[in-house]
Amino acid sequence: MVLTATWAQATLTQTQSFSGGAIADGNPLGTVFSGTYSQTGFNSPVLNATVGLDITGGYNGDLYAYLVAPNGTLVMLMNQPGVSVNGFGASGAGMNITLSDSGSTGIQGVTSGSVLTGTYSAAGTLGTFNNSTANGTWQLFFADLSSGGGTSTLNGWTLTLTVVPEPVMLALILFCGMLLALAGLRWAWRV
């Protein structure tokens, strides 16, 4: 857990990992992978979200994915990456990527013929999750929209959320910070 504090607000950032499974070749009905996010102090509104995907096999240009927050908010992560660019799709087999609103390259524009790595922006805006509640069941939907590329496997996925802590948690953090500051002043007076 990372705590960042500014005069305007304090934030908490936490990453949680979830398991995956097979994404059947040519099955547009897809598969839902659920993960229950349950972190202390994370009943507050989401400020930022990033998603990590570890996928092997299959054909990247066939994949379609979206993420649903506990409150039902939905964000499209990818829709056949590369297909809209050149009509053929990203020909790589697998990816180990992070999707973030700060990604400099959009996942939809990827045309690499190799395993994808790095940080990309999602097809939708992850900021749509802002003000959603962090704790609860998050659902990751994956489908393979075309036959013939082989079965993709979601080895695992991560969800990193940044929130403003609940007022009680924030008060406790500030109180501890003040105690540490007073202890430092007391130590400085002795020296």
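Structure data summary
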quantity	calculated
Lone unmet requirement of (1) of a type outside the set (S, T, N, Q); (2) over 19 Å from the mean Cα position of the chain (by Cα); (3) modelled with pLDDT of 95 or more for Met76	(2)
Residues within the range 85-107 that are touching a helix residue (DSSP H, G or I) at 6+ places or on another chain (Cβ under 9 Å), closer than 22 Å to Thr151 by Cα and at pLDDT below 90, tallied	7
Flag for Ala143 being at pLDDT 95 or above and more than 16 Å from the chain's Cα centre (by Cα)	yes
Where a residue in the range 113-132 is under 23 Å from Gly58 (Cβ atoms) and its partner, wherever it lies, is part of a helix (DSSP H, G or I), with Cβ under 6 Å and at least six apart	Tyr120/Ile107; Ala123/Gln108
Filter result (in a loop (DSSP other than H, G, I, E, B), of a type outside the set (Val, Ile, Thr) and surrounded by fewer than 20 Cβ atoms within 10 Å (Cβ to Cβ)) within the range 38-79	Ser38, Gln39, Asn43, Pro70, Asn71, Gly72
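Let's see how each residue does on (1) at pLDDT below 90; (2) touching a His at 6+ places or on another chain (Cβ under 9 Å); (3) surrounded by 15 or more Cβ atoms within 10 Å (Cβ to Cβ); (4) not in a strand (DSSP E or B):
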site	(1), (2), (3), (4)
Thr128	no, no, yes, yes
Ser147	yes, no, no, yes
Leu170	yes, no, yes, yes
Cys176	yes, no, no, yes
Leu180	yes, no, no, yes
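The values are calculated or read from the model by the stated rules, or taken from the named source; none is laboratory data. None of these values were measured; they are calculated from a predicted model. Using ideal geometry, Cβ is built from the backbone for each residue, glycine included, and neighbour counts are taken over all protein chains shown.
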